[in-house]
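Working notes, beginning with the structure itself.
Just so it is clear, none of the values below were taken in a lab; they were calculated from the coordinates. This is a predicted model, so every value here is computed, not measured. A quick note on method: Cβ atoms are made from the backbone with ideal geometry, for glycine too, and the neighbour counts reach across all protein chains shown.
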Amino acid sequence: ESLTVAELAKKLHREPSELVKKLFMLGTMATVNQELDKDGIELICADYGVEVEEEILIDSTDLETYFDEEQNEADQIERPSVVTIMGHVDHGKTTLLDSIRKTKVTEGEAGGITQHIGAYQVEVNDKKITFLDTPGHAAFTTMRARGAKVTDITILVVAADDGVMPQTVEAINHAKAAEVPIIIAVNKMDKPSANPDRVMQELTEHGLVPEAWGGDTIFVPVSALNGEGIDNLLEMILLVGEVEEYKANPKRRALGTVIEAELDKGRGSVATLLVQDGTLNVGDPIVVGYTFGRVRAMVNDLGRRVKSAGPSTPVEITGLNDVPQAGDRFVVFEDEKTARSIGETRAQQALQAQRGEKTRVSLDNLFEQMKQGEMKDLNVIVKGDVQGSVEAVAASLLKISVEGVNIKIIHTAVGAITESDVTLAAASNAIVIGFNVRPDANAKRAADAEQVDVRLHRIIYKVIEEIESAMEGLLDPEF
Ligand code: GDP
């Protein structure tokens, strides 16, 4: 562990020049960019009367390191696709989720009443599909920001009477950033004012070209309200699933992600888990994020008690010692002793390190990350006051050429910087550039919490200059 003088100054809430002076008094000539080793750091901290605590960086993905048991290819079998529904507000996401559930879940399940556990499964042509029940890209990207990749396929709902709207574009960019295939559900086809051609035309501008026009994006006209086209939509999901060949090994210990969790008065900690690999059994010793326990009871999406759950199955479990968060990963262990000791250590570390803290890309550390070979793409989100300026900034950014790193623009839009932009940036390790716009209050708070680098500018060449300098390691540290 080492820090530069400037970094240490920031942590101590002092001016870097003050530290340089102090070092000089202690007999060392240093610059603000000089690296201090452990001894140097301790020396200064001692002088300020501050105790040095080593920072432990953990994030819940590191749980997976406990999962690297031998894999047998032959045990890999097809698993259901996991689908998230996204789209602009009022375009029919909730209605679509409800209507899929109504038409399919109860088939063959006499009187089966669906229970809201955050996800559900339907059966189509003897195959299952898993739907995440929280529509929208906020939940999707929050999970991704926490290190979980849950969704296999995105259904983008676009109302045929309204066309592509700002949140449609946001959803497209969130899905693209996650590299998840997109199927378009052109909804509200029952309306006389429905104009599917316009939807296709507008989506083409975002790189989603229908097969009929020579592209490879699947468009399905539907009416979430009267059920028309839904069977077709489900078949298309199966088709994409077959092409992508999602697989898992039901014979191994389970691994997956928390979909939602809460504290229930009677039952204690209740968590909906999506099993992503392996099979989860009642009685399994388990570590979930920073909590642990033994699976006491398991309930499926029909409210029935089950003893085991295979890949892509959502189940609600009890038996954890604390409430985990959506997006936390879980892993089953062979014995309870190990699960307990790892769970307890993680809980302690989490307390110390304040959960989720990670190094995000910023223009200040960009060059370092590039040097260490950690960065190949610099992901950028551009927000601006008018379409013309957004396009101009994006175009100029793409012209920057510095060896070793590519600029990748993952989202552009007109308007203030929002919380959704910041979440996308956090999930995609991106920086946000605001051109003649500022972050709103929520975005500001989120950017602080997630340590997302937000840069505000009014002149294009300043944007370019700043990024170029950062890429070349010439940026003066900011204080
Ligand atoms: P969400 O905000 O995307 O979840 O949208 P909702 O599912 O809440 O739907 C918004 C409104 O559009 C509601 O009044 C729905 O009844 C209506 N709606 C949704 N799907 C359809 C459809 O296929 N046809 C018609 N005519 N209305 C729909």
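Side notes on the structure shown:
- What the Cα atoms of segment 98-250 give is an Rg and a Dmax of 15.8, 48 Å.
- Take the Cα radius of gyration of segment 420-479 and divide it by 2.2 N^0.38 Å, N being the number of residues; the result is 1.15.
- Longest to shortest principal axis, alpha-carbon extents of the chain, angstrom: 81, 60, 43
- Using a Förster distance of 56 Å, the FRET efficiency for residue 18-residue 191 (Cβ separation, nearest 0.05): 0.25
- Calculated FRET value between residue 403 and residue 38, using beta carbons and R₀ = 35 Å, to 0.05: 0.60
- The chain - share of DSSP beta bridges that are antiparallel (%, nearest 5): 50
- In terms of surrounding Cβ atoms within a 10 Å radius of their Cβ, 91, 457 rank from fewest to most as 457, 91.
- Relative contact order, percent, the chain [alpha-carbon distance under 8 Å, six or more residues apart]: 13
- Residue-averaged 222 nm ellipticity for the chain, from DSSP H runs of 4+ at -39500 (n - 2.57), nearest 500: -10000 deg cm²/dmol
- Residue 322-residue 440 pseudo-label distance in nm [points 7 Å out on the Cα-to-Cβ vector]: 3.3
- Most to least packed among 339-348, 205-214, 3-12, 419-428 [average Cβ atoms within 10 Å]: 419-428, 3-12, 339-348, 205-214
- Residues 306, 124, 164, arranged from fewest to most other Cβ atoms within 10 angstrom of their Cβ, appear as 306, 124, 164.
- ³J(HN,Hα) computed for each position of segment 204-220 - Karplus, 6.51 cos²θ - 1.76 cosθ + 1.60, integer Hz, glycine/proline x: 4, 5, 9, x, 9, 9, x, 4, 4, 9, x, x, 10, 9, 7, 10, 10
- Set of lysines near residue 38 by C-alpha distance (under 26 Å), chain-local residues within fewer than 8 positions excluded: 10, 11, 21, 22, 358, 371
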